[in-house]
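One structure is given below, encoded as C-alpha cells.
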Amino acid sequence: MSHDYSDRWIEVSANGLLIRWYYFPAGTKRIPFERIRSVSKVNMGALTGRGRIWGTANPGLWAHLDPGRPRKQVAFIVSTGGSVSSFITPDDPAAFESAFASHCDVAIDQGGRSALI
C-alpha cells in the first residue's frame, strides 16, 4: 500500500490520516478525510506544546506520543467536530501539508498561533 507521507507516528494515505500511539498503551487513531472539519498549523513553545510528550493538560486537545516533540517547532490541530481535537507533530511539516492537501479539500489554517496543551 502506498502513502504520501509517513514517519514513525503519522501517516497520510488515500485511506486518511493515521496517528500511531494515540491511545494508551499503543493504540492507533484512524481519521478518514471526510470526517475532518478543520486543520490548524500552530507554533509550539516551551509552554505551548513542546514540553508535552503525550496526552494533555487541555481537555479539548490530545497529543499522540512523540518523544521528539521538545525539538520540534510546529504542530497541527486536527478537528473532526468532536469535543477533543488531535494535536499532531509530524517530523516533516511541509511534506505532511503537501500530502494532506493532495487528499483532502480542507484547507490548513496557517494562523501560526500557539496552542495551550
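Restricting the first member to the range 4-28 and to residues that are without any contact (Cβ under 8 Å) to a residue 60 or more places away in the chain and over 12 Å from residue 99 (Cβ atoms), and the second to residues that are hydrophobic (A, V, I, L, M, F, W, C) and surrounded by 15 or more Cβ atoms within 10 Å (Cβ to Cβ), the beta-carbon pairs closer than 7 Å and six or more apart or on different chains are 20/9; 21/9; 21/65; 28/18; 28/19. Restricting the range 7-34 to residues that are under 12 Å from the mean Cα position of the chain (by Cα) and β-branched (Val, Ile, Thr), the residue that is surrounded by the fewest Cβ atoms within 10 Å (Cβ to Cβ) is 31.
So is residue 114 of a type in the set (S, T, N, Q) and modelled with pLDDT under 95 or not? Break it down into steps so the answer makes sense when it comes.
Working: of a type in the set (S, T, N, Q): yes; modelled with pLDDT under 95: yes.
Yes; evaluated as a whole, the condition is true for this residue.
Here is a yes/no grid of residues against (1) surrounded by 21 or more Cβ atoms within 10 Å (Cβ to Cβ); (2) more than 19 Å from residue 24 (Cα to Cα); (3) not aliphatic (A, V, I, L, M):
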site: 36; (1), (2), (3): no, yes, no
site: 43; (1), (2), (3): no, yes, yes
site: 47; (1), (2), (3): no, yes, no
site: 50; (1), (2), (3): no, yes, yes
site: 53; (1), (2), (3): no, no, no
site: 59; (1), (2), (3): no, no, yes
site: 72; (1), (2), (3): no, yes, yes
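Here residue 53 meets the list (1) in contact (Cβ under 8 Å) with a residue 24 or more places away in the chain; (2) of a type in the set (A, V, I, L, M); (3) touching a helix residue (DSSP H, G or I) at 6+ places or on another chain (Cβ under 7 Å) almost entirely, failing just condition (1). In summary, strands (runs of 3 or more DSSP E) completely within the range 1-68 and bearing 1 or more residues that are under 16 Å from residue 114 (Cα atoms) occur at 38-43, 61-63.
The values are calculated or read from the model by the stated rules, or taken from the named source; none is laboratory data. For clarity, every value in this text was computed on a predicted model and none was experimentally measured. We place every Cβ from the backbone using ideal geometry, glycine too, and count neighbours over all the protein chains shown.
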